[in-house]
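> Sharing a structure, written as structure tokens. Questions coming.
Bear in mind that the values in this text are calculations on the coordinates, not laboratory data. Not measured: the values here are computed from a predicted model. Here the Cβ positions follow ideal geometry from the backbone for every residue, glycine too, while neighbour counts run over all protein chains shown.
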Amino acid sequence: MNLLKFCRFVPLCRPAIRALYSPRFKGLERDVFGIKFKNPVGLAAGFDKNGDMYNDLANFGFSFVEIGSLTPKAQDGNPLPRCFRLPKDKAIINRMGINNKGARYAANMLIKEKPVRCKVAASITKNAVTPNGVAYKDYEKSFAILYDFVDFVVLNVSCPNVKDLTELQDIDSLAEIFEHINTVRRFNDDPKPVLLKVSPDIPLEQLDEIIDLALISGIDGLVATNTTRSRENLKTSPKVVESIGNGGLSGAPLYERSKAFVQHIHARTKGILPIIACGGIMTPKQALEMLDAGASLIEIYTGFIFNGPAYVKRINRYLAKAYARRKK
């Protein structure tokens, strides 16, 4: 990230990155919840936490970048160390604790950086010190601050690294958050899509309740899924995993669970509710599988870290060839 910042001051560096890693591929454009995307691949929340780097990251071929998660007030997150690689599993465990500079800082960055080279989503959540009983106020505040500067918003109620946050997936809590978010939308002439990010650790019965609520409340889509608390079927030594401690696991071990959630949501909603698939997409083939499972778009994070800067180009080339073969 520091190298990308340095590139801003090197003549022709950013256009060179764009030319190398962000070619256009035919047949990948799509319209999802009223927004036109040049391809289906986005960068998941947590990489560009504060909206400092979305244009730099767009140069690697992403059609959208999800910034955040953002809270109304800046917060430091959890104590260090808080991010760990598991190379044997192509996975990462993090307990960052949603460290960010606050929604207003991100809004200022979105105003400052022009032109915007990709679609920008904002993941919003509550401050760690805010009681769950009044969490809706934090979502409402961040939503109002960022509304005019992003293309769509993702409600994060499922991060496992903030105490009690996942309890907001309770239907009563979600209904209250949705109600206040929709109130803000009603007072704006340009309605912005709102999506909900769900945890892979909830039972399918709870997921069904969330889907039903989303359908009747006007939520525009679901992001499936966040990181997981599960440590099942890891190749890394149990002693190493235990020494790392708590945190959300992302990467290859999450893929099958995330794909199952995508398939379930798609089947239950008969395809009318857009899905952004996020979780363990480590190969271009898996990207296609997620889209075939019912996802409208996909997000990557850990795959980008392990596969390097050409990964988005590899995915888009693979998808373009696959779709071209299907037309023959």
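> Write down the percent of antiparallel bridges among all DSSP beta bridges whose residues are both part of the chain, to the nearest 5.
Once the DSSP bridges in the chain are tallied, antiparallel ones form about 30 percent.
> Then there is this: Under 12 Å Cα-Cα from Lys5, which aspartates and glutamates qualify once same-chain neighbours fewer than 8 residues away are excluded?
Cα-Cα hits under 12 Å: Asp52, Asp56.
> With a sphere of radius 12 Å drawn around the Cβ of Gly102, what net charge do the other residues whose Cβ falls strictly inside it have (Lys, Arg +1; Asp, Glu -1)? Display every interim value, and only then the final one.
Values: positive: Lys49, Lys73, Lys101, Arg104, Lys141; negative: Asp76, Asp138.
Here the charged neighbours net out to +3.
> Shape call for the range 201-328 from the C-alpha gyration tensor, a ≥ b ≥ c root eigenvalues: rounded (a/c under 1.5), prolate (a/b greater than b/c) or oblate?
oblate
> Name the residue, out of Pro87, Pro200, Pro40, whose mean-square fluctuation peaks in a Gaussian network model built on the chain with Cα pairs under 10 Å.
Of the options given, Pro87 has the highest mean-square fluctuation.
> List the relative contact order of the chain as a percent without decimals, with contacts defined as Cα pairs under 8 Å and 6+ residues apart.
Dividing the mean separation by the residue count of the chain yields 18 percent.
> From the phi of every residue in the range 311-323, what ³J(HN,Hα) in whole Hz does the Karplus formula 6.51 cos²θ - 1.76 cosθ + 1.60 yield, where θ is phi - 60° and glycine or proline is x?
Going residue by residue, I get 5, 5, 4, 4, 4, 5, 5, 4, 5, 4, 5, 5, 5 Hz, with x marking Gly and Pro.
> So how far, in whole Å, is the C-alpha centre of the range 9-48 from the one of the range 81-109?
Computed from Cα coordinates, the inter-centre distance equals 22 Å.
> What is the set of long-range amide H partners of Ala295 at a cut-off below 5 Å, with H atoms built 1.01 Å from backbone N?
It is none; the list stays empty.
> Tell me, Leu43, Leu28, Leu207 in order of fewest to most beta-carbon neighbours within 10 Å?
The most exposed by this proxy come first: Leu28, Leu207, Leu43.
> First select every other residue whose beta carbon is under 10 angstrom from the beta carbon of Val184; then total the charges, Lys and Arg +1, Asp and Glu -1.
The answer is +3.
> Related question: What percent antiparallel are the DSSP beta bridges of the range 27-173, to the nearest 5?
Percentage antiparallel, nearest 5: 40.
> Hey, another quick one. Order of Cys278, Cys159 from fewest to most other C-beta atoms within 10 Å?
Listed from fewest to most nearby Cβ atoms, that is Cys159, Cys278.
> Additional query: GNM, the chain, Cα, under 10 Å: largest mean-square fluctuation among Leu213, Leu155, Leu195?
Leu213
> Over 25 Å between C-alpha atoms is what I'm after, so list which of Lys36/Lys192; Lys26/Lys197; Lys114/Lys259; Lys49/Lys73; Lys141/Lys313 land there.
Too far apart for the 25 Å limit: Lys26/Lys197; Lys114/Lys259; Lys141/Lys313.
> Moving on to the next point. Using each residue's phi in the range 182-188, evaluate 6.51 cos²θ - 1.76 cosθ + 1.60 at θ = phi - 60° and report the 3J(HN,Hα) Karplus result to the nearest Hz, with x for Gly and Pro.
Once θ is set to phi - 60°, the couplings for the range 182-188 become 5, 4, 4, 4, 5, 8, 10 Hz.
> Still on this structure: For Lys88, which aspartates and glutamates qualify as cross-link partners when the Cα separation must be under 19 Å and same-chain residues fewer than eight apart are set aside?
Straight-line reach from Lys88, under 19 Å: Glu232, Glu242, Glu256.
> Could you compute Rg(Cα) / (2.2 N^0.38 Å) for the chain, with N its residue count? Don't skip to the answer; put the middle values down first.
On the way: Rg = 18.7 Å, N = 328, 2.2 N^0.38 = 19.9 Å.
So the Cα radius of gyration is 0.94 times the expected 2.2 N^0.38 Å.
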